[in-house]
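Visitor: Dropping a structure here in structure tokens format, bear with me for questions.
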Amino acid sequence: TTRLQNPHYLPEISVKVTLINFMITPLGLQDQLLGIVAAKEDPQLEENKNKLILESADNKRQLKEIEDRILEVLSSSEGNILEDETGCQILTSSKILSEEISAKEIVSEKTKEEIDFVRNGYQPVAIHSSILFFCISSLSNIDPMYQYSLSWFISLYHQSIDNSAKSTDVPRRITNLNE
């Protein structure tokens, strides 16, 4: 282990070890902060986004099960597949179910785009806050006493959202959050 943020080792050492950096990336932090501010500003919006993610995962699981069932029917079928009555029924029902899932995915994708459009309205707040976090993180280069954790910053972020002036106008609210 090392306390250096970007350690440089001799090539002989680098070949023998694997360097792992557990520091959060700016984009990862921005996405996390965007989720927090969107959940605080419009809890229903973030809840709908989470439901869509779960629904999409369930649809993908169902499609995988359908594919497995079709492959099983095809592999166990002896002779002409068109003469196998149960095989044809399974293929037909799988096709119908697959079409229903595809229709759900199309609707889900449109809804996700609408949610992301509203959510991305708060992107300036997430970018600003992410920059602040990385500035605060680099203070430890000046003196080790200035080390702050991500959990401390997120707690402060929640407090600042709660304590900032409220506004129904989104651009004004963004300005209030960034102050």
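Visitor: Test D42 against the stated conditions and say whether it is closer than 30 Å to D116 by Cα and exposed (fewer than 14 other Cβ atoms within 10 Å of the Cβ).
Guide: Details: closer than 30 Å to D116 by Cα: yes; exposed (fewer than 14 other Cβ atoms within 10 Å of the Cβ): no.
Answer is no for this residue.
Visitor: Quick check: anything in the stretch 10-28 in contact (Cβ under 8 Å) with a residue 60 or more places away in the chain and surrounded by 15 or more Cβ atoms within 10 Å (Cβ to Cβ)?
Guide: yes
Visitor: Then there's this: What residue, of F133, F153, is part of a helix (DSSP H, G or I), closer than 22 Å to L4 by Cβ, in contact with a Leu (Cβ under 7 Å, 6 or more places away or on another chain) and of a type outside the set (D, E, K, R)? Before you say what the answer is, go through the steps one by one.
Guide: Working: F153 fails: in contact with a Leu (Cβ under 7 Å, 6 or more places away or on another chain).
From the options F133, F153, the qualifying one is F133.
Visitor: Quick one: Y148 ticks every box in (1) out of contact with any helix residue (DSSP H, G or I) (no Cβ under 8 Å at 6 or more places or on another chain); (2) outside any helix (DSSP H, G or I); (3) at pLDDT 90 or above except a single one, so which number is it?
Guide: The failed condition is (1).
Visitor: Test of understanding: among L91, L139, which residue is surrounded by 13 or more Cβ atoms within 10 Å (Cβ to Cβ), in contact with a Phe, Trp or Tyr (Cβ under 7 Å, 6 or more places away or on another chain) and more than 17 Å from D31 (Cα to Cα)?
Guide: Details: L91 fails: in contact with a Phe, Trp or Tyr (Cβ under 7 Å, 6 or more places away or on another chain).
None of the others qualify; the one that does is L139.
Visitor: Could you tell me whether D31 is of a type outside the set (A, V, I, L, M, F, W, C), assigned to a helix (DSSP H, G or I) and within 14 Å of I101 (Cα to Cα)? Working first, answer last.
Guide: Values: of a type outside the set (A, V, I, L, M, F, W, C): yes; assigned to a helix (DSSP H, G or I): yes; within 14 Å of I101 (Cα to Cα): no.
Spelling it out, it is not the case that D31 is of a type outside the set (A, V, I, L, M, F, W, C), assigned to a helix (DSSP H, G or I) and within 14 Å of I101 (Cα to Cα).
Visitor: Do we find a residue being out of contact with any Asp or Glu (no Cβ under 8 Å at 6 or more places or on another chain), surrounded by fewer than 11 Cβ atoms within 10 Å (Cβ to Cβ) and over 17 Å from L27 (Cβ atoms) anywhere in the stretch 125-136?
Guide: Taking the stretch 125-136 as the starting set, the residues that turn out to be out of contact with any Asp or Glu (no Cβ under 8 Å at 6 or more places or on another chain) are 125, 127-136.
Next, only the ones that are surrounded by fewer than 11 Cβ atoms within 10 Å (Cβ to Cβ) stay: 135.
Narrowing further to those that are over 17 Å from L27 (Cβ atoms): none.
No, because not a single residue in the stretch 125-136 is out of contact with any Asp or Glu (no Cβ under 8 Å at 6 or more places or on another chain), surrounded by fewer than 11 Cβ atoms within 10 Å (Cβ to Cβ) and over 17 Å from L27 (Cβ atoms).
The values are calculated or read from the model by the stated rules, or taken from the named source; none is laboratory data. Predicted, not measured: the structure shown is a model, and the values here were computed from it. Heads up, the Cβs are rebuilt from the backbone with ideal geometry, glycines too, and the neighbour counts pull from every protein chain shown.
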